[in-house]
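Bear in mind that the values in this text are calculations on the coordinates, not laboratory data. In this text, all values refer to a predicted model and were calculated from it rather than measured experimentally. FYI the Cβ positions are ideal-geometry reconstructions off the backbone, even for glycines, and counts take in every protein chain you see.
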Amino acid sequence: MPSATYLTLLRMPGAARFFLAAAVGRVGLAMTGLGIVWLVHARTGSYADAGLVTGCFALAEALGGPQLGRLADRFGQARVLPCAAAVHAGAIGLLFATGPGTVVGAALAGASLPQLGACSAARWAALLRGPDGADEAALPRAFTLEALANGLSFLAGPALVSAVGAAGHPRLGVLLAVGLVSGGSLALAVQRSTAPPVAGRAERRHAGRALFRPAFARLVALTLALGVFFGAMQVSVTAYAVGRGTPDLAPLLYGVSNCTNLVGGWLYGARRTAAPPTRQLTVAAACLALASLPLLVLDAPLPVAAALALTGLAVPVLLVLSSLLTEAAVPGAALTQAFTWLGSASAAGSAGAAALAGRAVDKAGPHAGFAIGAAAALGMTVLAASPQKPLWKKAQKTEMRVR
């Protein structure tokens, strides 16, 4: 049974504790950006101001996240997470100020946002890494749990902060978000037994070179393209629903995609595939591209929902495989930073695609936005299928063992 494999994984010493701590904090992470929108709009009455402040927050997070990951690799999660949480909480306080203090607070809050997902993924890699490399059966399930936790947080978090904001308490939504982030960060920091060991300077310098290798650069480019897909789809689905005069249809379409996303991730992690991870990545990207193409011409709600459901099945597989290949290509001494680079690339792609798709939709309708998402999926397929040579013995050993 799928539940047995996941439960077995969580029964490993300390695994359930650090996974749940990071999962709680992730809900706060998913609430923060939207909470800032509600807070600034409630105070100024302007969505333009809210978008500017939230954009500063997102940009600072994309730039600051890898630096926090680097610090965690250098000094350890137990030292970095409490400091990041304290700075983040103080920066949130500046958001309640008026004038330039709001923008400064948003930028500082984004730059200091604890990278709980990357820290949790690094703990799984350290926990499952043996003398001959990581366990190829357990590690995909562990990264699947991470993808499921992330998906659930972005279902629950925005819904919670929107409910609080709609009830007339936008400040409470932001305070609840920072409380969850700080609580999850501190709960993760005190669990020292499962934290990745801190490597020496020479080992970190050697590991850091992997971040500049073509193998890892390819993964960053692939997650950037996946972010473009996310951003284009968000704008296009909303434009499609509003253009039909049924704006209430948008959350239903998002819900269909999110539900199949969770189901697809759960089923993928529950089974073991004999194909090498690189080949699986190519197949998953091709499936995403094929599922996206009908959206260029479909107009009826039911077929559109079916196509979005199919795209949702492929997305978690891509996320899990990206994490799995990153763990294989980057030594443990720089792994947290590597995971944060993937998150930053996805966030940057999503932000840029949202702006690009918005212009395309204004000029040619929602199908133009769907075309940007399909193009990003095709780009992922080309990247994944292009010839590549494992540059690290660890990556080569992983693929040989899976074969």
- Item | Label-to-label distance, nm, for residues given as VAL104 and LEU7 (7 Å Cα→Cβ offset) | 5.4 nm
- Query: Quick one: if you stick a label point 7 Å off each Cα along the C-beta vector at ASP299 and VAL190, how many nm between them?
  - Reply: 6.0 nm
- Query: When ranked by the protection proxy of mean other Cβ atoms within 10 Å per residue, highest first, what sequence do the peptides 285-293, 271-279, 151-159 form?
  - Reply: 285-293, 151-159, 271-279
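For the ranges 137-150, 299-312, what's the packing order if you count other beta-carbon atoms within 10 Å of each residue, average per peptide, and put the highest first? Present the calculation step by step, with values, prior to reporting the outcome.
On the way: 137-150: 22.9, 299-312: 17.4.
Packing order, densest peptide first, comes out as 137-150, 299-312.
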- Message: Taking 0.36 nm per residue of sequence separation and subtracting the Cα-Cα distance, how much length would be gained by fully extending the chain between THR273 and THR246, in nm to one decimal?
- Response: 5.6 nm
- Selection from GLY110, ALA274, SER153 lying farthest towards where the dipole of the chain points positive, charges on Cβ: ALA274
- Give the residue from LEU302, TRP341, ALA376 lying farthest towards the positive end of the charge dipole for the stretch 207-403; charges sit on Cβ (+1 for Lys and Arg, -1 for Asp and Glu) and the dipole is referred to the Cα centre. TRP341
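Please sort through the DSSP H helices of the chain and keep those with an alpha-carbon extent of at least 24 Å along the long axis and a Kyte-Doolittle average not below -1.0.
Details: long enough: 15-44 (44 Å, 1.20); 47-75 (40 Å, 0.47); 77-95 (27 Å, 1.26); 138-166 (42 Å, 1.14); 170-189 (29 Å, 1.58); 214-243 (43 Å, 1.49); 249-270 (32 Å, 0.83); 301-329 (42 Å, 1.79); 335-364 (42 Å, 0.55); 366-385 (29 Å, 1.44).
Long hydrophobic helices here: 15-44, 47-75, 77-95, 138-166, 170-189, 214-243, 249-270, 301-329, 335-364, 366-385.
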- Message: Over the chain, with a Gaussian network built from C-alpha contacts below 10 Å, which listed residue (THR98, THR223, THR32) shows the highest mean-square fluctuation?
- Response: THR98
- Item | Gyration tensor verdict on the stretch 207-403 (Cα atoms; rounded if a/c is under 1.5, prolate if a/b is larger than b/c, oblate otherwise) | prolate
- Semi-axis lengths (Å, descending) of the ellipsoid that matches the C-alpha gyration tensor of the chain: 31, 28, 19
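Given Cβ point charges of +1 (Lys, Arg) and -1 (Asp, Glu) and nothing else, what value in debye, to the nearest 20, does the dipole of the chain about its Cα centre take?
1260 debye
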